[in-house]
Amino acid sequence: MEINNNKPNNISSRTDRKLIERNRRNQMKALYSELNSLESISLPDQLGEAANYIKRLQTNLERMKQRKDSLIGGGQSMNIASSRTGFSPKVPQIQIHEMGSSLVIGLTTDTHSRFIFNDTIRILHEEGADIVNASFSVVGNTAFHTIHLTVGELTPDYHGVAVTRIAERLNKFIYDAHA
């Protein structure tokens, strides 16, 4: 008996949902119509812009696929060359980019020099830097480390001194590690 009572409620709630959805679609249609009237772009122009946008997306997609293929192919050829000749990049490299009160450090090492990353983190902690994020990726025998950090924000003068001191210590460490 309860089943019979629920069916009319289900039907009425279903029709209510349909009515609400229809009203929502009509309201969105009216809003889009008003927006189009404010922009005053004709329908053929809108279609042309949409077609151009799709073409740009397709071009970008093709370019990204080619870049991906070249990077994958480059990584594989590097692996083959390193395994044949025994060559691997031995010189660690460091790049430091200052962005306001934060720094981004790029560290490139071979995969066998993991201690360099650990010592870099230690130096940054000794200098009072707050590490926000650290990540790495490996391509062939090369490891690419990226470290995002913030330096004390007491005064602009202190910030400049701290950044300079960090850069000098890291460059000296990398040079000494290579020597």
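The values are calculated or read from the model by the stated rules, or taken from the named source; none is laboratory data. Computed from a prediction, not measured in an experiment: that's the story for all the values here. All Cβ positions, glycine included, derive from the backbone under ideal geometry; neighbour counts span all protein chains shown.
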Exactly one of Thr155, Thr150, Thr146, Thr142 is at pLDDT below 70 and of a type in the set (Ser, Thr, Tyr), and that residue is Thr155
Checked the range 100-141 for anything assigned to a helix (DSSP H, G or I) and within 30 Å of Gly73 (Cβ to Cβ); matches are Arg114, Ile116, Phe117
With the first residue restricted to the range 110-123 and required to be farther than 21 Å from Gly140 by Cβ, and the second required to be outside any helix (DSSP H, G or I) and modelled with pLDDT under 85, Cβ contacts under 8 Å at 6 or more apart or on different chains are none
Reported set for the range 47-74 where residues are of a type in the set (Ser, Thr, Tyr) and closer than 30 Å to Thr142 by Cβ is Ser70
If you go through Val91, Val132, the only one that is at pLDDT 90 or above and of a type outside the set (Ser, Thr, Tyr) is Val132
Reported set for the range 33-53 where residues are not hydroxyl-bearing (Ser, Thr, Tyr) and not in a helix (DSSP H, G or I) is Ile41
Scanning the range 124-145 for residues that are surrounded by 15 or more Cβ atoms within 10 Å (Cβ to Cβ), touching a residue at least 24 places away in the same chain (Cβ under 8 Å) and under 23 Å from Arg165 (Cα atoms) gives Leu124, Glu127, Ala129, His145
Reported set for the range 167-179 where residues are closer than 13 Å to Asp119 by Cα and touching a residue at least 40 places away in the same chain (Cβ under 8 Å) is Arg169, Leu170, Asn171, Phe173, Ile174, Ala177
Restricting the range 158-173 to residues that are among the hydrophobic types (A, V, I, L, M, F, W, C) and at pLDDT below 85, the one farthest from Pro92 (Cα to Cα) turns out to be Val161
